[in-house]
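The values are calculated or read from the model by the stated rules, or taken from the named source; none is laboratory data. Computed from a predicted model, the values in this text were never measured in an experiment. Backbone-built Cβ (ideal geometry, glycine too); neighbour counts: all protein chains shown. Surface accessibility is based on the protein's heavy atoms, side chains included, excluding ligands, DNA and RNA. Shrake-Rupley method; radii C 1.70, N 1.55, O 1.52, S 1.80 Å.
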Amino acid sequence: MQIALSADRQELHLSHGNQVVRFHGVWLRDNAQDAATRDPRNGQRLITLADVPADCSMSSARQDGDTIKVTFAADGKVVSFCPDWLRAHAYDVSRDTTPGRLPEGTQAWDSALSDHMPSGDLTAMQGDKAALLRWLNAMRRYGFAKVTGLPTHEGNLFDIVDLFGYVRETNYGRLFEVRTEVNPVNLAYTGLGLQAHTDNPYRDPQPTVQVLACLENSAQGGENMVVDGFAAAQRLRDENPYGFNLLTAHTARFSYTGSDGVALHSRRPMIELSPDGVLQAVRFNARSAAPLVDVPFDDMPAYYAAYRRLSTIIDDPAMEVQFKLTPGEAFVVDNTRVLHARKGYSGAGTRWLQGCYADRDGLLSTLAALEGTPA
């Protein structure tokens, strides 16, 4: 490895074979790893940018054993970096900028996933970190996974949330019942079939993880279905790039006012991208859709055409994984990505599920801690 400074001494250049990566002096100073800059116990930064000199030119840079030592000209501060750490955090690299690409660690899927549906046994995950790691990794990769081996008592779904985080309480309570009611406040409590959807798009922030656990299921029908919203969005993008762009560029509106004292409203894009084009979320719920008023007049017909096509893609049986839960089973979905649905069911027999919400950051935090992922 060769180390050099740029002519103006504002950049550090590292050469390894034919590859050269560059780092600005201000970035290096801001990301110093010494105990005066970051707490060695938790890695939290102890300085602000006001503590970083305006002039971050470097007087020297050299290799010292397994580290690179950089000396800053303004105050003579010496900072050491591990070459592997620098390579892992290099930003002078070419990147894929295709709009609608998948987040790192995820995989798009369709009905073929039915043959190897991700699943984990609750007791195994409670006692074996390796089993929990496999299940959490499946959640990150596919956005959903089943859980088996639950005790068949009310509130058993909380045992799943305890694996990675905390219940997010809403106006529905810590948990909600999914069973037929005479005068339901929500269509989820009827025997009607439900189109694949994400839950609570009218909330800001939207619940990011949903758990549905089965206590009874002897009714005819009522099979559950899941659809990869990211795969549906990418299919729309490939068929109709212009329509895809419209659904990402303009906000849709969602609302729910079905309970006394509750009036929830949000305006968010139906397909959300990060500033660099990575898929962040899909919000699709025909029951909770409010009038579209944020789309320019001239774009409204094309927006509706793209919206209709996305709906058709979501309804395509080739996109769905279908299963029927039995008592003691549950499924968990990333509610920012995976749409869930159910077929209609008859009044004969019983169907009783309990659901709750949790937060995706807790799930990913637990996964990262088990993986030993560095910052």
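Per-residue 3J(HN,Hα) values for region 283-293, derived from phi via the Karplus relation 6.51 cos²θ - 1.76 cosθ + 1.60 with θ = phi - 60°, read 10, 9, 7, 4, 5, 9, 6, 9, x, 7, 10 Hz in sequence order (x marks Gly and Pro). Helix 300-315 and the longest principal axis of the Cα set of the chain meet at an angle near 70°.
Taking the Cα centroid of region 298-365 and of region 21-79, what is the distance between the two, rounded to the nearest whole Å? The two parts, judged by their Cα centres, are 48 Å apart. In the chain, the longest principal axis of the Cα atoms and the axis of helix 360-371 are about 50 degrees apart. Model label sites at ASN42 and ALA112, defined 7 Å from Cα along the beta-carbon direction, differ in position by 4.6 nm. Checking the cross-link filter: which lysines have an alpha carbon closer than 22 Å to that of LYS324, excluding same-chain neighbours under 8 positions apart? In chain and number order, the partners are LYS146, LYS343. For PRO151, neighbours were defined as the other residues whose beta-carbon sits under 12 Å from its Cβ, and their charges (Lys and Arg +1, Asp and Glu -1) total -3. For LYS69, the aspartates and glutamates whose Cα comes closer than 17 Å to its Cα, not counting residues fewer than 8 places off in the same chain, are GLU11, ASP30, ASP34, ASP84.
Expressed as a whole percent, the accessible surface of the chain that belongs to carbon and sulfur atoms is 50, based on a 1.4 Å probe. In this structure, SER15 and SER311 have a Cβ-Cβ separation that, at R0 = 51 Å, corresponds to a calculated FRET efficiency of about 0.45.
Note on exposure: LEU86, LEU364 ranked by accessible area (1.4 Å probe, complete protein assembly) read LEU364, LEU86, with the most exposed listed first. Take the chain with all the other protein chains still there, run a 1.4 Å probe, and you get 48 Å² of accessible area per residue. Taking amide H as placed 1.01 Å from N in the peptide plane, GLU223 has its amide H under 5 Å from the amide H of LYS343, each at least 5 places away in sequence or on another chain. A straight chain from THR152 to THR97 at 0.36 nm per residue would run longer than the Cα-Cα distance by 15.1 nm.
The packing ranking of peptides 14-23, 314-323, highest mean first, is 314-323, 14-23, where packing means the average number of other beta carbon atoms within 10 angstrom of each residue. In percent, rounded to a whole number, the relative contact order of the chain is 23, using alpha-carbon pairs under 8 Å and six or more apart.
Between helix 229-239 and the chain there is an angle of about 80 degrees, using the helix long axis and the longest principal axis of the Cα atoms. In the chain, Rg over Rh equals 1.06, where Rg is the alpha-carbon radius of gyration and Rh the Kirkwood radius from pairwise Cα distances. A protection proxy built from the mean count of other Cβ atoms within 10 Å ranks the segments 108-114, 160-166, most packed first, as 160-166, 108-114. Remark: region 330-341, residue by residue, has Karplus-estimated 3J(HN,Hα) of 8, 9, 10, 10, 6, 6, 8, 9, 9, 8, 10, 8 Hz, where x stands for each Gly or Pro and the curve is 6.51 cos²θ - 1.76 cosθ + 1.60 at θ = phi - 60°. For SER59, the residues whose modelled amide H falls within less than 5 Å of its own, excluding neighbours fewer than 5 places apart on the same chain, are THR71, PHE72, ALA73.
Shape analysis of region 184-285 places it in the oblate category; the axes a ≥ b ≥ c from the Cα gyration tensor give an a/c of at least 1.5, with a/b not above b/c. A straight chain from ALA124 to GLU169 at 0.36 nm per residue would run longer than the Cα-Cα distance by 13.5 nm. At a Förster radius of 30 Å, what calculated FRET efficiency corresponds to the Cβ-Cβ distance of SER365 and LYS343, to the nearest 0.05? With R0 = 30 Å, the Cβ-Cβ based efficiency is 0.30.
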